[in-house]
Structure formats: C-alpha cells, structure tokens
1. Does the range 34-43 include one or more residues that are buried (at least 17 other Cβ atoms within 10 Å of the Cβ), over 13 Å from the mean Cα position of the chain (by Cα) and either closer than 16 Å to residue 128 by Cα or not basic (Lys, Arg) (or both)?
2. Pairs please, first residue from the range 1-26 and more than 12 Å from residue 132 (Cβ to Cβ) and surrounded by 14 or more Cβ atoms within 10 Å (Cβ to Cβ), second anywhere and among the polar types (S, T, N, Q) and at pLDDT 95 or above, Cβ atoms under 7 Å, 6+ apart in sequence or on different chains.
3. Test of understanding: among 42, 58, 74, which residue is assigned to a strand (DSSP E or B), free of Cβ contacts under 8 Å to residues at least 24 places away in the same chain and touching a Gly at 6+ places or on another chain (Cβ under 8 Å)?
4. Checking residue 95 against (1) modelled with pLDDT of 95 or more; (2) in contact with a Lys or Arg (Cβ under 9 Å, 6 or more places away or on another chain): exactly one of these is not met. Which one?
5. Please go through the range 46-60 and pick out each residue that is of a type outside the set (D, E, K, R) and at pLDDT 85 or above.
6. Looking at 77, 65, which one is under 12 Å from the mean Cα position of the chain (by Cα) and modelled with pLDDT of 95 or more?
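The values are calculated or read from the model by the stated rules, or taken from the named source; none is laboratory data. Note that the structure is a prediction, hence the values are computed from the model and not measured. Neighbour counts run over all protein chains shown; Cβ positions are idealised from the backbone, glycine included.
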Amino acid sequence: MPAARRQIDVNVTPEKLMAVVTDFAAYPRFLPEMEEATILRRDGDVWVVRFAIRVVRRLEYTLRLEKQNPTTLRWSLVEGSFKANNGGWDMAAIPAGTRADYHIDLDVGIFVPGSVMKTLVETSLPATLAAFKKEAERRG
C-alpha cells in the first residue's frame, strides 16, 4: 500500500474522537484485526506502542505516535514487520461533529499482489475507520 487517504464524519467532537484514537490499549476490543496493543512508553502526548495485527498472518510492529495538537496525531515506524508505516489523523469540527482525515503510507517490504493491496485499501481501511466511528459514537 504505497499511500492511502480516507475521510469519515463522526457524530462526536474532535476531542472525543481523539480520546478514542489515543486509547491504544482499547484497540483490540473494537478493531477486529488487532490482537494486541501495548503501550511501551508515554511521555506527555508521545507514545511508543507495540501492535500485533492479523492480516493473513500475524504482523507485529512498534510505532511512535505524537499528538501534535488537540486535532492532529502523527505516527512513524520504530521497528517491526514493515519497511515503513507512517501516517496520521487530522480532525476538524463540523456542525454534525468531526470530519476526520486518516492517511497512511505503508511499505510491507515484500511483494504483495495488487489485488491484495486493493482489498486492503478499498475494504480494510474503510472498515477500520467505521470501527473508530462506531466506538467514538458509542462512547459519545
């Protein structure tokens, strides 16, 4: 997946959505592919988190995530199953709640058939965003 960007509207404030996005330990409860999320370190608005997901096989990786301001989160790969994993969330208040822009630049480091990458971008990414939306609105 060279790069992907998706946008979703969520019926909560940006602060409430950011609270869900930064609740990394809760990811396995509402993201079906997420098997583990362990916070290794936290220093204010900077986290180092080890994740394990199951997408065809188990993949483990560690990200450095930084909340740059109340509506912006960025991450970068520290180590793991990928050559690169960088991305972020940008949130803006709208009358109905929040418009969230999610972007990721992922290099798996091995050959992955185009059909598999297309499925990840067109199916998995929207499903992941829908899960964040559902969880944020559930917490309301």
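1. Restricting attention to the range 34-43, the residues satisfying the condition of being buried (at least 17 other Cβ atoms within 10 Å of the Cβ) are 34, 37.
Then keep just the ones that are over 13 Å from the mean Cα position of the chain (by Cα); that gives none.
The answer is no, given that none of the residues of the range 34-43 is buried (at least 17 other Cβ atoms within 10 Å of the Cβ), over 13 Å from the mean Cα position of the chain (by Cα) and either closer than 16 Å to residue 128 by Cα or not basic (Lys, Arg) (or both).
2. 13/98; 14/71; 14/98
3. Working: 42 fails: touching a Gly at 6+ places or on another chain (Cβ under 8 Å); 58 fails: touching a Gly at 6+ places or on another chain (Cβ under 8 Å).
After applying the criteria, what remains is 74.
4. Residue 95 satisfies all of (1) modelled with pLDDT of 95 or more; (2) in contact with a Lys or Arg (Cβ under 9 Å, 6 or more places away or on another chain) except (2).
5. Correct list: 46, 47, 48, 49, 51, 52, 53, 59.
6. Values: 77 fails: under 12 Å from the mean Cα position of the chain (by Cα).
On inspection, the qualifying residue turns out to be 65.
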